[in-house]
Every structure is written in structure tokens, then in C-alpha cells.
Amino acid sequence: MRTAIFAHRGSKANRPENTLSAFEEAMRVGSDGIELDVHLTKDQEVVVMHDEKVNRTTDGKGQIKNFTLKELKELDAGVWFSPQFRGERVPTLKEVLDLLSGFPGILNIEFKTDRNIYPGIEEKTARLIGSLRPELPVVYSSFNHESLIRMRRVDPSADVALLLWERLADPWRYTEQVGASAQHLWEPSALSETAAQLQQHGIKVRAWTVNKPKNMQRTFEMGIDAMITDYPEVALDLRKSF
Ligand code: G3P
Ligand code: CA
């Protein structure tokens, strides 16, 4: 089985993460999947950024939930990475879905709901996908597994994946209870005997964040279902020899 390659936050290593430039690059190199993170603005728009605060990846300060979309759009989301990307904006999920029209791969949407500060984000996201890109294969993931359970209530056919740092004590039963088809495991946990055990139970394994070529090779050798990487182009190139 061929290991799929998902671009982490777009092509994070060489583009400002979670921006349209990053997703364009991920598509340009031929990624099999694209991973991104979602939050809600003060006026309830689903937007794409990693941190809860805008401080690290824009020229603003404060929490996303305290910005309206209009205010968030005034921030520069590219210059912190390189002056070459000055003018890049924080994208809405809708804008990303428009950009991905024609993308033949999988979209992995991570709910950043660890602190439960975005009530309704699962419904809003499901509505956007359902109305704009119902045909797009989407995998929803989160470290907050309640969020995945809520997503499955909103859309019982939603494909959800447990985000995990470590192997669970009772991984099969728990995965089934949540209704997940996959575990997205931290690289050291994924690159262990756990991966094959999960796969034998019909649970897909996607490893994050696989950035070293040596670990990319290992991921291919082990037949892990997918890797999530900041370097999709490097991984795609290495995969050619497998
Ligand atoms: O989905 C894998 C990975 O993105 C989880 O960690 O912090 O990069 O969102 P983080
Ligand atoms: Ca993520």
C-alpha cells in the first residue's frame, strides 16, 4: 500500500502556514492531502490558522475569537514568514474550499477546540462543506475527541480521526466508540509496532509530523497509511523510489 502524503498546514516549510499560498504550493507539488486548522471569529466565521492567538503568524495581537472577520482580514499573515509574502491574509475556510476546487486529494480539517471556546464550529464547518464541496473527501481530526463525537452527530457519515500523542490503553474499543476510522499519531508513537496492530484492526494510521527523510523512508517501509509533513515535495520525491 502506498503511503499518502498530506501537506501540514499547507506546505509549511516553505510558505507561511495555513495561507492560500501554502495550499497552492501543496497542490502544485501534487500532495495527496492537505491538513489545516480551524477556529471561529467573533462573528462566527470559520477561519484557518494554527494558534488561538494571531500573535505568532500575523502582525496583530489577541485571540481570534475577539476579532471580527473584517478586523482579522486587516492583518498581514505572510510577512512574519518572509517579506516576499507580505499582503497574505488569514483565509476563511470558504476561501480555501474555493481554492481547492478541482483538488483531487483529501482535505484534513483539524478542529482547534481544546478549550471548547468555539461552540457550534462543527456544525458551521459541516454546513460549509455540505453546501460548497459535498464531493470533497474530508477527514476531520481533533485532540478534543468530544469535537469528533459532535461532528458525527451533526453528520453521521463524517470521516473522523483521533489526534493522539500516544497509544491508547484500549485503542480499538475507544476508536470504535468515537466512530473514528483512523488515528493520527505523533511520529514516535506511529513509527512503532502500534501502527501494524491498529491497521490489523482496520484502523488507518497517519503519522505527524514526519519531516526527516529517514523517518519518511521508515513510514513508507512500514506501510503507514499517510504521513503529515511540512515537506510534501521532499516526501513525494522520496516515495518515487518505493
Ligand atoms: O494533524 C497533525 C498536526 O497538525 C497536529 O498538531 O499542532 O501541528 O496542529 P499541530
Ligand atoms: Ca494541525
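Taking R0 as 25 Å, what's the FRET efficiency between ARG115 and SER157 from their Cβ-Cβ distance, rounded to 0.05? Intermediate results must be reported in sequence, preceding the final value.
Numbers: r = 28 Å, r/R0 = 1.11.
The pair ARG115/SER157 has a calculated efficiency of 0.35.
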Problem - Euclidean distance of C-alpha centroids, the range 164-187 and the range 41-98, integer Å - result: 31 Å
Practice task
Report relative contact order for the chain in percent, whole number only (criteria: Cα-Cα under 8 Å, sequence separation at least 6).
Solution key: 20 percent
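Could you grab the relative contact order for the range 1-144? Cα pairs under 8 Å, six or more apart, rounded to a whole percent. The partial results should precede the final answer.
Working: 280 pairs, mean separation 32.7, N = 144.
Taking the mean separation of contacting Cα pairs over the length of the range 1-144, I get 23 percent.
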Problem - Taking the range 128-242 and dividing mean pair separation by its residue count, relative contact order in percent (alpha carbons under 8 Å, at least six apart) - result: 17 percent
Fill in the blank from the handout: Non-local residues with an amide H under 5 Å from the amide H of ASP225, with H modelled 1.01 Å from N and Pro and chain starts lacking one, are VAL205
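Counting helices only, and only those DSSP H runs with n ≥ 4, report the 222 nm mean residue ellipticity of the chain as the sum of -39,500 (n - 2.57) divided by its residues, in deg cm²/dmol to the nearest 500.
Values: 10 runs with 81 residues, N = 242.
The helix contribution divided over the chain gives -9000 deg cm²/dmol.
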Fill in the blank from the handout: Along the range 104-114, Karplus-curve 3J(HN,Hα) (6.51, -1.76, 1.60; θ = phi - 60°) to the nearest Hz, with x for Gly and Pro, reads x, x, 9, 9, 10, 9, 9, 7, 8, 10, 3
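Can you bin the chain into rounded, prolate or oblate? Criterion: square roots of the alpha carbon gyration tensor eigenvalues sorted a ≥ b ≥ c, rounded for a/c under 1.5, prolate for a/b above b/c, oblate for the rest. Working shown, then result.
Details: a/c = 1.79, a/b = 1.25, b/c = 1.43.
Oblate shape, in that a/c is at least 1.5 and b/c is the bigger or equal ratio.
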Exercise for the section: Quick one: which residues, 5 or more positions from GLU88 or on another chain, have an amide H under 5 Å from its amide H? H modelled 1.01 Å from N in the peptide plane, none for Pro or chain starts. Expected result: ALA77, GLY78, VAL79
Completion exercise
Beyond 21 Å (Cα-Cα) in this structure, taken from LYS70/LYS124; LYS12/LYS204; LYS12/LYS112; LYS124/LYS204; LYS94/LYS212; LYS53/LYS204, we find LYS12/LYS204; LYS124/LYS204; LYS94/LYS212; LYS53/LYS204
Problem - Label-point separation in nm, GLN44 to LEU132, each point 7 Å along Cα→Cβ - result: 1.7 nm
Exercise for the section: Determine, for ARG152, ARG9, ARG56, the number of other Cβ atoms within 10 Å of each Cβ, and report the residues in order from fewest to most. Expected result: ARG56, ARG152, ARG9
Handout entry: Label-point gap, in nm, between LYS70 and ARG173 - each point 7 angstrom along Cα→Cβ
Key = 5.4 nm
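Computed from the coordinates by the stated procedures, all read-outs in this text should not be read as laboratory data. Values in this document were obtained by computation on a predicted structure and should not be read as measured data. Every residue, glycine as well, gets a Cβ built from its backbone with ideal geometry; the counts of neighbours run over all protein chains shown.
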